[in-house]
Each structure stands twice: as C-alpha cells, then as structure tokens.
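Chemist: Have a look at the structure that comes next, please.
The values are calculated or read from the model by the stated rules, or taken from the named source; none is laboratory data. Small disclaimer: the values here were computed from a predicted structure and weren't measured. Positions of Cβ are backbone-derived with ideal geometry, glycine not excepted, and every protein chain shown enters the neighbour counts. Heavy atoms of the whole protein, side chains included, go into the accessibility calculation; ligands, DNA and RNA do not. Shrake-Rupley method; radii C 1.70, N 1.55, O 1.52, S 1.80 Å.
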Amino acid sequence: MKHSFPPFLTTTLVFFFLTKISLVFSSTSSNLPLQLISLLTLKSSFHDHHNAFSDWDPTLAFSRPGSHIWCSWSGINCDKKTNQITSLDLSKRNLSGTIPEDIRNLVHLHHLNLSGNALEGPLRTVLFEFRFLKTLDISRNSFNSTFPPGVSRLKSLTHLNAYSNDFIGPLPEEVVKLPTLEYLNLGGSYFTGVIPKSYGGFAKLNFLHLAGNKLAGPVLAELGFLKQLEHLEIGYQNFTGVVPAEFSSLSNLNYLDISLANLSGYLPVGLGNLTKLETLLLFKNRLLGTIPPSFGKLTSLKSLDLSDNHLTGTIPEGISGFKELTILNLMNNNLTGEIPQGIGELPNLEMLALWNNSLTGILPQRLGSNAKLQKLDVSSNHLTGPIPPNLCLSNNLVKLILFSNQFIGELPSSLANCTALSRFRIQNNRLNGSIPLGFGFLPNLTYLDMSKNNLSGPIPKDFGNAVKLEYLNISENSFNSELPDSIWSSPTLQIFSASYSDLIGNIPNFKGCRVLYKIELEGNNLTGSIPWDIKHCGKLICMDFRQNSLTGIIPWEISAIPSITEVDLSHNFLTGTIPSNFANSSTIENFNVSYNQLTGPVPSSGSIFSSLHSSSFIGNEGLCGTVIQKPCGTDGLAAGAVEVKPQPKKTAGAIVWIMAAAFGIGLFVLIAGSRCFHANYSQQFSGDREVGPWKLTAFQRLNFTADDVLECLTMTDKILGMGSTGTVYKAEMPGGETIAVKKLWGKHKETIRKRRGVLAEVDVLGNPSNILLDGEMEARVADFGVAKLIQCDESMSIIAGSYGYIAPEYAYTSQVDEKSDIYSYGVVLMEILSGKRSVEPEFGDGNSIVDWIRSKLKTKNGINDVLDKNAGASCLSVREEMMLLLRVAVLCTSRNPADRPSMRDVMSMLQEAKPKRKLPGIVGAGDNAIAAIPLAQKANVEC
C-alpha cells in the first residue's frame, strides 16, 4: 500500500535519507554515494506531477550499501565495470522546476536528456561541467534569459539540442569552439540579431537548425563553407536579401529549409548541383523568376515545396525524372504552360499541389497509376481535357480538388468506388454526362461539390445513404430530373444545394431530415406543395425555395422550426394566407414571399414582420395589413371578417361576470404563485438541511466521505462562485485535500426524475464541459451532464451567470451541444487574445466580446485595438500568430452553429497556427516527420 506524505514530512524524510546516506558511506572513498545523493536531490528538486520517479527507491541502498541499486532505476545507465552513471534520461516526464547544483556530482555522464518537460528559469551553467559529456538535450522546455557562457568547456560534446525554449538575446558564438560538435539545434526560441559570421567555421557540423527565432539581416553566406553539413534549417525568420549562391557548395546537403523567411530575388542556378538533396523547402517567400532547368538534376528529391512565391515560367521537364519524389507543391505562384506528362508516371508521388497558377493543357493522364496518390489539387488554373481515369487506382486518394478549370468529358466511374475519398471538388468546369452511382456509399466522403458544370440525367438515389457526407452541392447543372425520395435521409448532411439545376417534380417528404441546416432549391421547375413534414428538419436555419412553380399553402410548421432564420418562398404560385404562427417566431430574420398568390392580412403582432421591408410581400395583390400599408377592407376589418354588433342589454351583465372571473383568476394566481415561490425558494435556500440519501462515486481511492463533503456546503465563506446551474464550493477535507464541489440547482421533483440520468453521466466522466485549475495549474473536471438538469422550459435567467459565453442559438432552442461548446471556446480564445473579459462596459449595452471584435474587424485598423500588446502583439512574429488564433476564434463564434468547425478541426487549425518552433515532432534528427513539414504549415493546401 502506498502512502502519501505532507510536503513538510516529505522534506524531512529526504533530509533523513540524505543524512543516512552520508553516515553509511562516510568511511568509504567511492564516489557512488555522491551519485546517489545527486539522484535523490534531483528527485526532490523537480515537481514530479505524474510520479515519474516512483521506482527511484533508495531503501535497498541503505540496507545493502554496495548494491548500486540506482543503476537499475528508470532513465539511468551505468558502466558495467565501474558502476559509474554514464547516461541520465529524464525526457518527457512532465517535470517542472529548476536544475539543482548537486547534479555536478554525476561527473562521468556521457549523455544527459532533459527534453520534453517544463523546466524553467535561466539555464544552469552546472551543465557545462561534465567533461565527458557527448550529448546534451534540453529541448522543449521553458528555459529563458540569454544562453549562458561556459558551453565551450564541453570539449567532448557532439550533440547539442536546445530546440523550443524561451532563450532571448544573440545566438551563442561560444558553440563554435566545440571541436567535435556535429549536431546543433537552437531553433524555436526568441534569439535576435543576425547569424554570427563565426557560424561558418564549424569543423564537423552536419546538422544546423536555427529556424523559428527572431533573427534578421541577410542569410549568412558563410554557411556555405560548412562542407560536412547535411541538414540546414533556418526559416521562419524575418531575413532580408536572397538565397546565398554560396549554398551551392554544400555538396553533402540532403535537407534545406528556408521557408517563410522574407527572401527575395531569384533561385540560385547552382542549387541544382546539390545532387544529394532530398528535401527542398522554400515556400512562403518573395522569390521571383523561373524555376531553373538545373533543378532537373536534383534526382534524389523526395519533397519539393516552392509554393506561395512569385515564380513564373513553366514547370521544368526534368521534374519528371524525380523517381523518389513524394510531395510536389508549387501552388500559389504565377506558373504558366503545361504540366509535364511525365509527372503522372512518378512511381512514389503522393501529393501534387499546383493550384492558383495559370497552367494550361491537360492533366497528366497517368496520374494515380502508381497507386500511391493521396492528394491532388490543381484548382484555379486553365486546365482542360478529361479527368485521368486512374486517380484512385488503389483506394489511396483522400482529396481530389479540381475546381475552376475547363475540364470536359464525363466523371470517371472509378471515382465513385474510391473508398478513401473524403473531399471531392469539381465545381466550375465543363463536365457532362451523369453522376455515377456509388458516391453515396463511400464511407469517408464528407464534402462533395459538383456545381457549375453541364451534368445531366438522374440524381443518384444513394446520396441518401451517405454516412459522413456533410456538404452536397449539385447546383447550376442540367439534370432535368426529380430529386430522389431519399435525398434527405443522409444522417450527417448539413448543407444541400441544388439551385438552378433544372429539377422537376415535387419536393420529397422531409421525413428522416436530421441535421440539415441549409436547403437551397431556388431557380428550378419544382411543382406541388411544400411538404408539411418539413418540421422534421429540426435544425434548419435557411430554406431557399424561390423561383419555382410551387403551389398550395405555406405550411405553418415552418414557423415551429426552432432555429429557422431565413425563409425565401418568393416567385412561386403559393395561395392562402400567411399563417399567423410566423409572428410568434423569435428567430426569423428574413422572410420573403413576394410574387405569389397570397391573400389576407400580413400578421402584425410580434416584432418580425414589422421589421421587414414591404418588398418581401410585393406581387401578392390579395395581401393587406399595416405592414405593407394596405388597409384590409374599407372599414379596417380583415377581408372576409364579419362585423359583430354590440348588444347593449347584455353589456352590464357581461361586465360584471368578466370582473368576477378576473378577480377569481387573480386570487388563484396569487395563492398558487406564493406557494410556488415558497416551495422553490425554501428548497433553494433551506435545502442544506436535506442530507440524503447521498451516493459518492469515486474514480480513485479517496480519504474522505460524502458526509465530509456535505459539511462544507453550508459555509458561505467557502463559495468560489455561482454558475448557471449551481454553486461551487471550496472544500477542505479532514485528510488535508482541497477539492471543488459543485452543488446543482433544480426543482426537487425534476431532480429526482433525472437523478438516474445524472448518475449515468458520472459513469462517462472524462468527456464533459467545465475545467478548473488546481494549485499546480493542473486541469480538473468541474462539471458533467449539467445540460440535462436544465429543463427545456426554463427561462433564460437560469443561465445568466455565464452571459458572454453562451451561444446565441440557446436563446431560441434552449439546447446546448458540441457546437455550443465550440462557441464558448471561441469566446475564451478572444479573451486570451484581447486581454478583455467576455463582457465589458466598453462593448455597449447587450454586447459581448464577440460583437465588439466583429465590429472592430470591420474597421480599417481595428485589429490594433483587439490584440493585447501585453501578450506580445507588438512583436511582429507573435502578432502574426495571434491573428491566426483570432481567425480560429471568429470561426468558432459563427452565428450559425453549423458554420462553426468541429473540435478536431479547431485542433488542426491551432496546430497550423502554432509557430514552427513550438511544433513537437516537426524538426530534428530522428523525428521522422520531415516530409510532412510543408503540409503542417499551410491550411490552404486542404481546399
């Protein structure tokens, strides 16, 4: 059984252990006791959040002094002959704190790895005292201040990795004095100034990584003198000037990355001499001119990314000879001419991105024949001809983006069998023929856009079977066919657009419509009535049925859709009246029924119709009412209404009965209301006396009981805060633990009825919705399943405590889901970026931070007011990162829930917004992710 000791007792025990060690080994001359002392000092100095040192137990060493038990502890290697510690690996153990001075007693260390922790403060120079040290890895920590002097004392050092820290000031020149240094990684910090000229004097260096700092000035030409260099990575800076021609002398180079570095000028012709080069990344610069034909000699290339520059001319024919090439990215340039046909025969090509150029001719017809192609994007060019037939030969194709070209012919039927395909965009081409059967059965297809082509024939019925399809656009084609009866049955379909597509027949019944929030059917030849079961589309926000031949009445069920915002039924042949139910909708913003055959009064109650322009009702001669300034009949009565004459003889008696009834009703409401008030509030404020029954569900061994918790729920001085669903208390347990307890509010009967559901939520604790931070800034779950305790008919005041974080749809749906959480997350991002709270007086009455930021972004320099300068907005590189994060926040807080990204997409965008210096696993020897670097940095590849 393991015991947990208070901090003061732990310190006492450590002191006791150290004292014991000194007594045991004081009579010996061996250095081993000092090693043990150093290890125990390390253990006590670091904050071990995950108990990573659990096996560092010195007990056996006390009873058997000569056992050298520490040589078997995790992370430690010893020389088998001398039992001296030669290697100490404490990487990725979630340690924090600072390095103790006693580490110097491990004098025989050859390898020291402290990477992947949260160590902080200035780097201790004690690390430079290990004269036998060969490798030192302090990467991915939070060491700050300048890089300290003394590193030149490590005469045996071959490998120095300080990647991703918070160092400032100039790059350390002293590292050049390390005679055996082969690997140097100082990337991902905040080093400033220029690359020192002395860096051209490394004798044995084969790996140099300086990327992701704040370096400026010209790229150091003297780096071309490092004849042994194999890996050079210096991008993500604000350099000036060109790619040095001297780099053409780096004959052993196999990896070169100077991306996003503000480089200008032309590509050096001499780079074609680097025949060992496997990766060449120069994307997001200001490079000019053509791609030199000499690049055709780079036959060892596996990744070539010259995207986001100003390159002109044609794609060199020599690229067809790059047999090892897996990634070719030339997108967003000014390239012209045809794509070399030989590119289609490259045996290892996995990704081809050429979008946003001015390329002409046909797409290489053998593309995909290597059975390895995964992503193809040639959109926004001037390509013509047919789509290659074998793009998905072995079902590896994930994304096929061909929009805005001039492709002709029919869609290859093989694409409808491409099970890996997730995004397929071919809009704005000249494709004809029918849509092949099978797309609806693709298990991974999420996005399909076939709009603006010349497609015809029947619309496949299998679209209703699509299990992941979220977006389907077949607009502006010439189908001349009906919509399949099952078109609304796809369980994930959110947007369906089939505008101006020559559709005929009736609109299918909406039974099975689940998550659709936008339906666009305008500009067709649809007939018949609007199905009344449109109420099944419970998440519908926008419906556009204008410019058809629809008849019948307007179904009142449309007004009952909880989140309906836009309704356009104009230019049809609808008859009857506008249902008065629409006046009760609190969500409708646009309602257009112009140019129909409607009659009767336009509803005048409510605020919706009074705010609409009269053009929304024009073209209906039979409509009347104050909204359109057309009286209903000569005496103001609605058409068809009957005037009721007063009956004087019965007036007095009626008044008496009405007054008596009103008095009785008022008395009843007063009595019932007072009882309800007393019941609710006496329970809310006196409910503390109800002490059971209680059930405590624990996910780990606890030293307290439910009764211990209950004692803390009556102390008002222990209240941390009140949220939308209850009060949070700080509770100190008898054993010394401090916990947070949330006491949920709710009507007593409802609480009992829903208790079983809440207990079920407890079983899946680990998913939910609120997070607290403990004393060590560790995240702790604070809420679960709270939404299930809020009744659907509760008033908005129930959640007033969280105003500013609540998604706008709650106001009219009273429901929360994942998209609501995404909105709240976006608000938190905005708070972090702006340094302001979700609600501030300066935002104006009724406005939150979302409204304020959106209004600022509409002004010319409003971004300056949004980003918090104290958080680094005054620094150009940090400002760019903050702007990327702000874009994510704005997306997360979109008004329409379906426009908000999923949390998975948010995570992807956050990864892309991260500075390269903070991306784990991107750079460095042995990371095995080099080929993915171009994709990790640019979201616009994934159209």
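Chemist: Roughly what would the spin-label model give for Thr125 and Ser610, points 7 Å off Cα along C-beta, in nm?
Modeler: Each label point lies 7 Å from its Cα, and together they span 7.8 nm.
Chemist: Beyond a 29 Å Cα-Cα separation, which of these cross-linked pairs lie in this structure: Lys518/Lys858; Lys535/Lys856; Lys92/Lys214?
Modeler: Lys535/Lys856
Chemist: Expressed in nm to one decimal, what extension gain is obtained for the pair Lys81 and Asn144 from 0.36 nm per residue of sequence separation less their Cα-Cα distance? Before the final figure, lay out the partial values.
Modeler: Numbers: separation 63, 0.36 × 63 = 22.68 nm, distance 3.88 nm.
Residue separation times 0.36 nm, minus the Cα-Cα distance, leaves 18.8 nm.
Chemist: At a 1.4 Å probe, what is the % contribution of carbon and sulfur to the accessible area of region 317-447?
Modeler: That share works out to 47 percent.
Chemist: If I model a spin label at Trp556 and Thr738 as a point 7 Å from the Cα along the Cα→Cβ vector, what separation in nanometres do I get?
Modeler: Distance between the two pseudo-spin positions: 5.9 nm.
Chemist: While we're looking at this one, here's another question. Within the set Lys468/Lys511; Lys302/Lys375; Lys284/Lys819, which residue pairs have Cα atoms separated by over 24 Å? Write down the numbers at each step before the final one.
Modeler: Working: Lys468/Lys511 19 Å; Lys302/Lys375 16 Å; Lys284/Lys819 33 Å.
Violating the 24 Å limit, Cα to Cα: Lys284/Lys819.
Chemist: Would you please name the trypsin sites (Lys or Arg not before Pro) within region 286-389 that are DSSP coil residues with at most 14 other C-beta atoms within 10 Å of their C-beta?
Modeler: Arg286, Lys323
Chemist: Suppose R0 equals 41 Å; then what is the FRET efficiency for Arg286 and Ala203 from their Cβ-Cβ distance, rounded to the nearest 0.05?
Modeler: Efficiency, from the Cβ-Cβ distance: 0.75.
Chemist: Quick check: the distance between the Cα centres of region 108-142 and region 294-312, to the nearest angstrom?
Modeler: For region 108-142 versus region 294-312, the Cα centre distance is 38 Å.
Chemist: What FRET efficiency do you get for Lys869 and Ala118 if R0 is 30 Å and r is their Cβ-Cβ distance, rounded to the nearest 0.05?
Modeler: The formula returns an efficiency of 0.70 here.
Chemist: What distance in nm separates the simple spin-label points at Lys860 and Ala216, each placed 7 Å from Cα in the Cβ direction?
Modeler: 2.6 nm
Chemist: Next question, about the same structure. When the chain is fully extended, how far beyond the present Cα-Cα distance does Ser54 get from Ile168, taking 0.36 nm per residue of separation?
Modeler: Between Ser54 and Ile168, full extension yields an extra 37.5 nm.
Chemist: While we're looking at this one, here's another question. Might you report the magnitude of the Cβ-based charge dipole of region 342-447 about its Cα centre, with Lys and Arg at +1 and Asp and Glu at -1, to the nearest 20 debye?
Modeler: Around 140 debye, computed over region 342-447.
Chemist: Follow-up question, since we're still on this one. Tell me, what is the FRET efficiency for Asp533 and Asp905 to the nearest 0.05, using R0 = 30 angstrom and their Cβ-Cβ distance as r?
Modeler: Calculated transfer efficiency: 0.40.
Chemist: Something else about it: Using θ = phi - 60° and the Karplus relation 6.51 cos²θ - 1.76 cosθ + 1.60, list the HN-Hα couplings for region 149-158 in order, rounded to whole Hz, with x at every Gly or Pro.
Modeler: Computed from phi, the couplings for region 149-158 are x, x, 5, 5, 6, 7, 5, 9, 5, 10 Hz.
Chemist: Which value, in debye to the nearest 20, gives the size of the charge dipole of region 407-493 about its Cα centre, when Lys and Arg are +1 and Asp and Glu are -1 at the Cβ?
Modeler: Charge dipole of region 407-493: 240 debye, to the nearest 20.
Chemist: Here's a follow-up. Does region 94-230 classify as rounded, prolate or oblate by the C-alpha gyration tensor (a ≥ b ≥ c root eigenvalues; a/c under 1.5 gives rounded; else a/b over b/c gives prolate, otherwise oblate)?
Modeler: oblate
Chemist: Return the loop-located trypsin sites (Lys or Arg not before Pro) in region 462-528 (DSSP other than H, G, I, E, B) with at most 16 other Cβ atoms within 10 Å of their own Cβ; answer none if there are none.
Modeler: Lys468, Lys511, Arg514
Chemist: Roughly speaking, what is the stretch gain from Lys227 to Thr192, that is 0.36 nm per residue apart minus the C-alpha to C-alpha distance, in nm to one decimal?
Modeler: Between Lys227 and Thr192, full extension yields 10.0 nm more.
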